[in-house]
Amino acid sequence: MNLLVVFLVLVFAYSLLSGALERSPLTGPIFFTSCGLLLPVVFPTLPVSVGGRSFFLHVAEVGLVLLLFTDASRTNGKMLRQLGSLPVRLLSTGMLLTLALGTVLARVVFPQLSWAEAGILSAILAPTDAGLGQVIVSSLDVPTRIRQALNVEAGLNDGLSVPFLMFFLALVQEHGSEGGGLMKFMMEQLGYGAMIGAGIGGMGGMLIGWAHRRGWTAEAAQSLAVVALPLLCLLVSPHVGASMFIAAFMAGLLVQFGFPEVARHSAEFAEGWGQLLNFSVFFFFGFVVVRELGQITGAAVVYAVLSLTVIRLVPVAIALWGTRLSRPTVVFMGWFGPRGLASLVLALVYLEEETRAGGESTVRLAVMVTVLLSIFLHGISAQPGIRLYARSLAQLPASAPEHQDEVVATR
């Protein structure tokens, strides 16, 4: 028996109990992470090799590529033009302040890190995870515009974090090389990634839409055609040194111009196979964490707490300034910005680059502790947090902004 067999047995067990688990604080990420943490204790002789970190990275890459494509395909330009909307405030002002504050505090907590390495840590932990916050974004007790804002933010900030990570990675590699590599690296990762994604997404969407209008495609097969596009981005990008994440995100944005129904088909796949891949990442994450517990430092715990509180809450409060939202709403939106799949994948991408920078171990442990705390703290606090927030909403007047629906252009 190996890890994959154990994981599939757990998936089967989770599916049988999923209805009961949804009514409890035990979320899917908590369940699979906990199983990964407990596995070496329950089965100490279980073979540990599943292909090493490379296997874990490839599984996580597929999961994030599909997630980025799906999220981008559900967002169009109308939402981005709503400059006064809550999602845009969180994705612009909030995102930039999160990166800046995260970088500064990383240097304070970990003085051994360079500014570029501190930026890498901040970029890895900037994106939020809609999967970990699923209870929030699906609860009818949370106002529509608040749920929409958190959902859209989580859907897009992982893709927006990638260029910042690539930039800081380029700075680290430039520092350790003879020079001249920064612009080349940025052009390959960002420029080529955008071009590949635009080509695959734009052309793919046109062809799917063309075939659909002529009645050539079966309904079920259209989902296969849609899913093939991000996987093509994943396979083609490494051959030219491009970022597969930038390519997948760009493909998701452009495919909808040729095939407007793409959001429904990509969402259908994401709800099934995408969730399976995400759960596998959390399971293997727990399995890896339990072997690293002895290396966790007090500084890593301090930064993890700061990342989930100050580094998140302060930028959100500033981004929402002037919206007239109540203090409970600002705190609610600030707290429920969990770190999960995207941070794990971006951390693996950073480690796979093998920059040989002295801060790799520090960044790895800080990300590990932050995501671990987030999985449990945000999962356990979700339902109590919703109840407390609902009580505070009941005291607001009917004219309060929280009660005014904001239509966000996601399909």
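Computed values, structure above
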{"read-out": "Residue identified as within 16 Å of Ala123 (Cβ to Cβ) and either buried (at least 18 other Cβ atoms within 10 Å of the Cβ) or at pLDDT below 90 (or both) among Leu325, Leu344, Leu320", "value": "Leu344"}
{"read-out": "Odd one out for Met195, checked against (1) at pLDDT 75 or above; (2) over 12 Å from Ile246 (Cα atoms); (3) of a type outside the set (Gly, Ala, Ser); (4) over 21 Å from the mean Cα position of the chain (by Cα)", "value": "(2)"}
{"read-out": "Residue in region 144-157 that is over 15 Å from Thr98 (Cα atoms), surrounded by fewer than 19 Cβ atoms within 10 Å (Cβ to Cβ), modelled with pLDDT under 80 and not aromatic (Phe, Trp, Tyr) present", "value": "no"}
{"read-out": "Hits in region 108-131 - residues which are of a type outside the set (Asp, Glu) and in a loop (DSSP other than H, G, I, E, B)", "value": "Phe110, Pro111, Gln112, Leu113, Ser114, Ala126, Pro127, Thr128, Ala130, Gly131"}
{"read-out": "Residue within region 51-64 that is surrounded by fewer than 22 Cβ atoms within 10 Å (Cβ to Cβ), modelled with pLDDT of 75 or more, touching a helix residue (DSSP H, G or I) at 6+ places or on another chain (Cβ under 8 Å) and within 27 Å of Leu313 (Cβ to Cβ) present", "value": "no"}
{"read-out": "Identity of the residue in region 342-397, more than 19 Å from the chain's Cα centre (by Cα) and among the acidic types (Asp, Glu), that ends up nearest to Phe249 (Cα to Cα)", "value": "Glu353"}
{"read-out": "When residues of region 133-143 are limited to those that are more than 16 Å from Leu90 (Cα to Cα) and in a helix (DSSP H, G or I), the one modelled with the lowest pLDDT", "value": "Gln134"}
{"read-out": "Residue match in region 10-22 (condition: β-branched (Val, Ile, Thr) and surrounded by fewer than 18 Cβ atoms within 10 Å (Cβ to Cβ))", "value": "yes"}
{"read-out": "Check on Val310, surrounded by fewer than 16 Cβ atoms within 10 Å (Cβ to Cβ) and either more than 19 Å from the chain's Cα centre (by Cα) or at negative phi (or both)", "value": "yes"}
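The values are calculated or read from the model by the stated rules, or taken from the named source; none is laboratory data. This is a predicted model, so every value here is computed, not measured. Reconstructed Cβ throughout: ideal geometry from the backbone, glycine too, with neighbour counts over all protein chains shown.
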